[in-house]
Amino acid sequence: MPSGLDDAVRQADDAVRAGTTLTDNELALLASGERWVAFYKELDRVLQLAIGWEIGMNDDAVRLANSSLLKNPSDDFRNVVVGLEQKLLKGLMCQAARSGLDDAAEGQAAEATPAYDAFGMNRDDVTGYIIKDIDPWPEAYDVLDYEWLASQSIQLHNGYVDGVMDVIESPDGSLSAANLIYFRSCVVRK
């Protein structure tokens, strides 16, 4: 938020409550300032969502990977499952963000290089994605509950997605929250 905007709007509101009379132009300026403050607060909320998702994703991936193991695997396979889960969670979130892009962002996304795997978002798609990665490992089906992992990944993702499809209104247009998340986290930056 531009430095001081929230304070200036708050001071003007306080002055009006204290009995100061504003001109029509001042009232219009105050109303515009209040809309911009609301926009920046919503923008900040969405950025916090994106940052929180990125920060928590690795810990969530380790937790889900470990919880899906039926018995102790080799360290190499455990690392494969953790890496797979990280890719899986990122892919789910990025696919959701991509589906929520507004028209202008969709045009840009078509030109961008994705930094995630796209595999679909239903249980069969997620299960198939997991099987593709673990199939070469002989121990995979003895130590990994891949169906549980798929189900829990989707459930966790559904918690992440809250707010991704929101539209943030500004005084001069609107912006899809998905735009911020997608271009911040899901494309290769050049």
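A search for C-beta distances below 6 Å between a residue of segment 100-115 that is modelled with pLDDT under 90 and any residue that is open to solvent by 40 Å² or more (accessible area, probe 1.4 Å), counting only pairs 6+ apart in sequence or on different chains, returns Gly100/Met165. May I ask you to verify whether Asp172 is surrounded by 14 or more Cβ atoms within 10 Å (Cβ to Cβ), of a type in the set (D, E, K, R) and modelled with pLDDT under 85? Judged against the criteria, Asp172 is not a match.
Of all residues in segment 22-48, those that are among the charged types (D, E, K, R) and either on the phi > 0 side of the Ramachandran plot or free of Cβ contacts under 8 Å to residues at least 24 places away in the same chain (or both) total 2.
When segment 92-119 is filtered for residues that are aliphatic (A, V, I, L, M), outside any loop (DSSP other than H, G, I, E, B) and open to solvent by 40 Å² or more (accessible area, probe 1.4 Å), the ones remaining, listed by number, are Ala104, Ala110. Taking segment 120-132 on its own, how many of its residues are open to solvent by less than 60 Å² (accessible area, probe 1.4 Å) and either among the polar types (S, T, N, Q) or at pLDDT 95 or above (or both)? Qualifying residue count, segment 120-132: 7. Which members of segment 129-155 meet the condition of being free of Cβ contacts under 8 Å to residues at least 24 places away in the same chain, assigned to a helix (DSSP H, G or I) and farther than 12 Å from Leu89 by Cβ? Passing the criteria: Ile131, Lys132, Tyr141, Glu147.
One residue stands out among those in segment 15-33 that are open to solvent by less than 60 Å² (accessible area, probe 1.4 Å) and not hydrophobic (A, V, I, L, M, F, W, C): the one that is farthest from the chain's Cα centre (by Cα), which is Gly19. Note on segment 34-91: residues that are among the hydrophobic types (A, V, I, L, M, F, W, C), surrounded by fewer than 17 Cβ atoms within 10 Å (Cβ to Cβ) and under 30 Å from Asp14 (Cβ atoms) total 3. Scanning segment 110-151 for residues that are within 16 Å of Ala96 (Cα to Cα), of a type in the set (Gly, Ala, Ser) and in contact with a strand residue (DSSP E or B) (Cβ under 7 Å, 6 or more places away or on another chain) returns a single hit, Ala115. Taking segment 58-88 as the search range and keeping residues that are part of a helix (DSSP H, G or I) and in contact (Cβ under 8 Å) with a residue 60 or more places away in the chain, which one is farthest from Tyr160 (Cα to Cα)? The extreme case among them is Phe77.
The values are calculated or read from the model by the stated rules, or taken from the named source; none is laboratory data. All of these numbers come straight from a predicted model, not from anything done at the bench. We place every Cβ from the backbone using ideal geometry, glycine too, and count neighbours over all the protein chains shown. Accessible surface is based on the protein model in full, side chains and every heavy atom, while ligands, DNA and RNA are left aside. Shrake-Rupley method; radii C 1.70, N 1.55, O 1.52, S 1.80 Å.
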